Amino acid sequence: MAIEIRNVEKTFGAFTALGGVSLDVRSGELLALLGPSGSGKTTLLRIIAGLDHADAGEVSFDGQDTRDRAARDRKVGFVFQHYALFRHMTVFDNVAFGLRVKKKAERPAEMDIRRRVGQLLEMVQLSHLASRYPSQLSGGQRQRVALARALAIEPKVLLLDEPFGALDAKVRKDLRKWLRHLHDDMHITSIFVTHDQEEALELADRVVVMNHGQIIQVGTPAEVYDTPADSFVFDFLGGVNRLNGVIEGGVARLDGKAVRVDGEVGPNGPAVIYVRPHQVELDVAPGDGVPEGKWSARVSSLHAAGPVARLELDLAGRALEAQLSRDRLSDLALDVGSWCTVDFRHARVFPAKN
Amino acid sequence: MPADPHSRRPAVGEGPVTRLALIGLAILFLAAFLALPLAAVFSQALAKGFGAFLKGLTDPDALSAIQLTLTVAAIAVPLNLVFGVAASWAIAKFNFRGKSLLLALIDLPFSVSPVISGLVYVLLFGLHGSFGPWLRDHGVQIIFAVPGVVMATVFVTFPFVARELIPLMQEQGVEDEEAAIVLGASGWQTFRLVTLPNIRWGLLYGVLLCNARAMGEFGAVSVVSGHIRGKTNTMPLHVEILYNEYNFVAAFAVASLLALLALVTLAAKAILEWRFADQIAAAKR
């Protein structure tokens, strides 16, 4: 099911949770709403589910306005951050809940309910725990019960609020992979909220970056990572070097030397140059000074575990992180304390905020 | 004094002397102020033998008082059960204007002296009260009659259920209800299948406390009842009358029955807690 969101606004008292948000969710995609807390991502999710009402704007499912459809009639699967499992019901009864509360005319026979719940529990690999209570389960198991319960009503859209937020790192990674496979099998339009950029980039088909109740950028993980719309996205996605420089006459300069940058340069004044660690190019320092248009830096620390080597460099008092392959590192024969020349393959520049 | 390496004393806590002293003090206090009076009630009731005790209880006025007390509790407790659940539901799950006012009103019966509560009803519904003449013209008597006793009891026992439930429901939040609604449950289904099971233990405590107070209430009921023997006397009022007439055995016989009802209530609570300890613990998680 496709979802269209048009100019949705929502305020809580004096706080603007959503300030006119528009978004098209494509049928069958897995979409991430990514942003810091207070960016409005959860509010947007709750408005889609019908748990909150927009002050203005509209949300339509496959072209049909949802304003008059109460949450219980929207056929939306919602997985809550803390799962909200019914603690007095067994796992089985939790999953069966959505089927059992259907109106008599639509309610499947008890035998069909048992079969369907059995299938769902098998799918989330929890058949052996059907008669347990939620308090007897681990966090990852509760998460899967919540998912099976949401899927029991055969929703047209699956909404997940910080689905992995309350889990430890190992379980989180496993469950992430598992959810991706599940989505590929079922093709339900799915939207999940997260503040973890790694999670969004790894799991989603498209990422929506939000801040202060606005959508800043929408794109595939590669687009968002490679061409961030602004300095906020750059900062939020993380893993980036921020170097203080200046813009003079349409040229970004670091220590007086011009930096080749992608995209717009902006007005004259103090600026921040953003460079990803793997876009930093290192070379052996020549004996006689720094080559034209390059910088000189000293290796201050070196982490060479795994296929990629991470180097901390000191560039005229600034900390600079660089990543390169282990092979390249051994070619360069760099070690802590040695000097090298630095260049940037791709960089972006944004005016500095005061 | 050097520390004894073999001491099993925990790092946090007091020495054995302090501990014994504290426990002893608590037991002494309980014995003096709770157990002793309770024992006195039963020993006084049985002072002239079991026959006299039974005679005090089976006196027609005593039987009528027992019946009235049970009737009043049977009306007041369900009323406050419904009100308490409705009020705590509203306060814990919704935001609305006047919420703090409602909270304050629920506490009113706790903060106002029961005698005043009784007087308010007299002022409203008594012969010289605001609605008195109208009620008299329509042949309805509230003050010095059973309806007055019921109303005063309802007023005094107002907060018990709500006070028990509000913190519980506030702590549980609304996520469970939201989950139920998204899954397609109606409002009533959500209440019956999700909210009610989540609060059942708190609700039970509230009802037990409410019941104990409904049967034991003296002040407010005393003002509105008029002490008409065999008609508007509840058990506590009957005890007082008998006592003032120096009929100690009968007074304590009725009092012992009242105390027994309270003990049964407490025992019921303890048994339920013991029997369903797992569920209660699970519900709190």
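Only the coordinates and a few stated rules stand behind these numbers; no lab work does. Only a predicted model underlies this, so the values are computations on that prediction, with no experimental measurement involved. In this analysis, Cβ positions are derived from the backbone assuming ideal geometry, glycine residues included, and neighbour counts consider all displayed protein chains.
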Worksheet item: For the residue pair B:ALA86 and A:GLU122, what label-to-label distance in nm results when each label sits 7 Å from Cα along the Cα-to-beta-carbon direction?
Response: 4.9 nm
Practice prompt. Using only alpha carbon pairs under 8 Å that are at least six residues apart, calculate the relative contact order of segment A:122-251 and give it in whole percent.
Written response: 16 percent
Worksheet item: Which translational diffusion coefficient, to the nearest whole µm²/s, is obtained for the protein assembly as shown from the Stokes-Einstein equation, given a Kirkwood hydrodynamic radius over C-alpha pairs, 37 °C and 0.692 mPa s?
Response: 104 µm²/s
Fill in: Cα gyration tensor category, rounded, prolate or oblate, for chain B with a/c compared to 1.5
oblate
Worksheet item: Using Cα atoms only, what is the angle between the long axis of helix A:169-186 and the major principal axis of chain A, expressed in degrees (0 to 90) to the nearest 10?
Response: 60 degrees
Worksheet item: So which DSSP H runs in chain B come out at 27 Å plus along the axis (Cα) with average Kyte-Doolittle of at least -1.0?
Response: B:60-93, B:196-216, B:248-275
Worksheet item: Just for chain A, what percent of DSSP beta bridges are antiparallel, to the closest 5?
Response: 75 percent
Worksheet entry | Inter-chain Cβ neighbour average for residues A:80-87, partner chain, 10 Å | 5
Discussion item. Apply the a/c threshold of 1.5 to the C-alpha gyration tensor of segment A:172-214 and tell me whether it is rounded, prolate or oblate.
Written reply: oblate
Item to complete: Compute the Cα gyration tensor for chain A, then decide on rounded, prolate or oblate, letting a ≥ b ≥ c be the square roots of its eigenvalues: rounded whenever a/c is under 1.5, prolate when a/b is larger than b/c in the other cases, and oblate in all that remain.
Response: prolate
Practice prompt. Would you mind giving the mean number of other chain beta-carbons within 10 Å of the Cβ of each residue in B:182-195, as a whole number?
Written response: 6
Worksheet item: In nm, to one decimal, how far is the B:LEU266 label point from the A:ASP262 one, both placed 7 Å along Cα→Cβ?
Response: 7.7 nm
Worksheet, complete the sentence: Sorted on mean Cβ neighbours within 10 Å (highest first), peptides B:125-137, A:229-241, A:250-262, B:27-39 come out as A:229-241, A:250-262, B:125-137, B:27-39
Worksheet entry | Computed [θ] at 222 nm, helices only, for chain A once each DSSP H run of length n ≥ 4 contributes -39500 (n - 2.57) | -7500 deg cm²/dmol
Discussion item. Taking each residue in A:202-209, count the Cβ atoms of any other chain within 10 Å of its Cβ, then average. What number comes out?
Written reply: 0
Worksheet entry | Relative contact order computed over chain A (Cα-Cα under 8 Å; 6+ residues apart), in percent | 16 percent
Worksheet item: Within straight cross-link reach of B:LYS99, meaning Cα distance under 20 Å, which aspartates and glutamates are found once same-chain residues fewer than 8 apart are removed?
Response: B:ASP107, B:GLU164, B:GLU171
Worksheet item: By count of other Cβ within 10 Å, fewest leading, how are B:TYR243, A:TYR274 ordered?
Response: B:TYR243, A:TYR274
Worksheet item: What ranking, highest mean first, results for peptides B:206-213, B:92-99 when packing means the other Cβ atoms within 10 Å averaged over each residue?
Response: B:206-213, B:92-99
Response to the item:
As straight-line cross-link partners of A:LYS10, the qualifying lysines (C-alpha separation under 19 Å, not fewer than 8 residues apart within one chain) are A:LYS41
Discussion item. Which lysines, if any, have their Cα less than 30 Å from the Cα of A:LYS103, not counting same-chain residues under 8 positions apart?
Written reply: A:LYS75, A:LYS156, B:LYS93
Fill in: FRET efficiency estimate (nearest 0.05) - Cβ-Cβ, B:HIS227 to B:ARG136, R0 22 angstrom
0.60
Worksheet entry | Degrees separating the helix A:110-123 axis from the principal Cα axis of chain A, which is the longest one | 20 degrees
